[in-house]
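K.L.:
For reference, the structure I am asking about is given below.
Read-outs throughout are calculated quantities, based only on the coordinates presented, and are distinct from any laboratory measurement. Quantities reported herein were computed from a predicted structural model and do not represent experimental measurements. All Cβ positions, even for glycine, are placed from backbone atoms using ideal geometry, and neighbour counts span all protein chains on display.
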Amino acid sequence: MKFLLLLIAVFVLLWLLRGLLQRARRPPPAPKPPGAEAPQPMLSCAHCGLHLPRDEALPGRGGVFCDAAHRAAFERAHPDS
């Protein structure tokens with residue numbers, strides 16, 4: 001019985017050491033490329049509701065828009081805004 005417990009303890013120890021060695025051998029995570037940017041907030045077009053990144057949105061009197069046609073249509077429909 002002692003021999004069996006000793007064998008199990010040695011097996012568990014070897015298994016744990018193997019896991020530690022595998023973690024130590026893993027290459028570090030690759031650094032982010034220099035052009036990688038943080039995610040941008042998504043904005044909703046005031047005319048159609050389409051969600052688009054902040055850099056692609058066009059500002060207008062009633063909010064932001066997905067393109068010039070929607071900005072013009074919104075401003076025609078809401079002249080007092």
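Matching residues to (1) over 27 Å from the mean Cα position of the chain (by Cα); (2) assigned to a helix (DSSP H, G or I); (3) closer than 30 Å to Arg71 by Cβ:
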{"position": "Leu6", "(1), (2), (3)": "yes, yes, no"}
{"position": "Val12", "(1), (2), (3)": "yes, yes, no"}
{"position": "Gly19", "(1), (2), (3)": "yes, yes, no"}
{"position": "Arg23", "(1), (2), (3)": "no, yes, no"}
{"position": "Pro29", "(1), (2), (3)": "no, no, no"}
{"position": "Pro34", "(1), (2), (3)": "no, no, no"}
{"position": "Pro39", "(1), (2), (3)": "no, no, yes"}
{"position": "Gly49", "(1), (2), (3)": "no, no, yes"}
{"position": "Leu52", "(1), (2), (3)": "no, no, yes"}
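K.L.:
Taking Cys45 and the conditions (1) over 30 Å from Ala77 (Cα atoms); (2) of a type outside the set (D, E, K, R); (3) under 25 Å from the mean Cα position of the chain (by Cα), which numbered condition does it fall short on, given that it satisfies the others?
P.N.:
(1)
K.L.:
Ok, one more. Just to verify a result, which residue in region 54-76, among those that are in a loop (DSSP other than H, G, I, E, B) and under 25 Å from the mean Cα position of the chain (by Cα), is surrounded by the most Cβ atoms within 10 Å (Cβ to Cβ)?
P.N.:
Ala57
K.L.:
Continuing with this model, one more query. If a residue has to be touching a strand residue (DSSP E or B) at 6+ places or on another chain (Cβ under 8 Å) and without any contact (Cβ under 8 Å) to a residue 12 or more places away in the chain to count, how many in region 68-79 make the cut?
P.N.:
1
K.L.:
Residues of region 59-81 being touching a helix residue (DSSP H, G or I) at 6+ places or on another chain (Cβ under 7 Å) and small (Gly, Ala, Ser), which ones?
P.N.:
Residues satisfying the conditions are Gly60, Gly62.
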